[in-house]
Amino acid sequence: MSALFDLTGRTALVTGSRTGIGQAVAIGLAEAGADLVLHGHHDDLDETQAAVEAHGRSARRWIRDLSRTDGLAADLDGLLDGTRVDILVNNAGIIRRSPAADMAEEDWDAVLTTNLDAVFAITQAVGRRMLARRSGKIISIASLLSFQGGVNVVGYSASKHALVGMTRALANEWARDGIQVNAIAPGYVATNNTTALRADPVREPQIRDRIPAGRWGTPADLVGAAVFLAAPASDYVCGHVLCVDGGWLAR
Ligand code: NAD
């Protein structure tokens, strides 16, 4: 393995690593040599843990509901006191679909809290430790809806636009301290997050036909970008949003 992409000796915390993109990224980072802290809402991470261990890497768990931020920093400090996190992947996220005029306040709050407030709280706690060590990689999973408005997903779009602003602000502040803060914007990927869209007989072909690559993405399509942004290969890449979208935004 090229040293540029070797994660041996590093530990990565991947939020939302039970399913989808987070699961694929956690396993991909393990394959590149990293030990993992897996995170889930519930303690149901056996599948991901077994796959990480199959690559000869260790996996410990952090169980925490990210739809609330009360006590989050203290909870995370308990973890960070015993574990040095070199790579943080802010992946956990939710989507609620509804016309903006009908969107319930609780849906807006749930999306903004999970996709933005919790991400900042986690990034701040992990970032403080990285600042003390003058080293670290932070990768947040953004979206095409960091650039576009989307249809019936106003809270999600707002949260993912803000995530890119946060990424750039933190990159500005922390690059001089040896911390690279970047984001990945996945295109349309077949996961739980897009079950409703893929089941919609009108929207599904509209989306597929618009993707230059001619297909939906898979979680595995995101792994290369995540390993790159976690590895020494990206040590001078700061504040970038890497689109992995089959060409959607280039169209
Ligand atoms: P997913 O539903 O499989 O994964 C979401 C993860 O977040 C799950 O592991 C879930 O357990 C976790 N999570 C959700 N709510 C939580 C909570 N309250 N507390 C703790 N954990 C919670 O879907 P996915 O598509 O793999 O989504 C991962 C990320 O990718 C999300 O941030 C999503 O917005 C983003 N994304 C997905 C797509 C896509 O097309 N699938 C496109 C762009 C961005």
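The numbers here are math on the coordinates, done by the rules we state, and not lab data. Please read all numbers here as calculations on a predicted model, not as lab measurements. Because the Cβ atoms are built from the backbone with ideal geometry, glycine has one as well, and the counts that use them run over all protein chains shown.
The modelled label-to-label distance between Arg251 and Asp44, using points 7 Å beyond Cα along the C-beta direction, is 3.3 nm.
Taking 0.890 mPa s as the viscosity and 25 °C as the temperature, the Stokes-Einstein diffusion coefficient of the range 114-251 based on its alpha-carbon Kirkwood radius rounds to 155 µm²/s.
Remark: relative contact order (the range 77-143) = 55 percent; criterion is Cα-Cα distance under 8 angstrom and separation of 6 or more residues.
What you get for the chain, charging only the Cβ of Lys and Arg (+1) and of Asp and Glu (-1), is a dipole of about 660 debye around the Cα centre. Between Ser135 and Asp102, the FRET efficiency from the beta-carbon distance, with R0 = 45 Å, is close to 0.45. For the range 3-241, the Kirkwood radius over C-alpha pairs fed into Stokes-Einstein at 10 °C and 1.306 mPa s yields D = 88 µm² per second. Taking the Cα centre of the range 5-115 as reference, the dipole from Cβ charges on Lys and Arg (+1) and Asp and Glu (-1) amounts to some 320 debye.
A Förster radius of 35 Å combined with the Cβ-Cβ distance from Glu173 to Arg198 puts the calculated FRET efficiency at roughly 0.35. Cut-off 10 angstrom, C-alpha nodes, Gaussian network model of the chain. Which of Ile141, Ile95, Ile184 fluctuates the most? Among Ile141, Ile95, Ile184, the largest GNM mean-square fluctuation belongs to Ile95.
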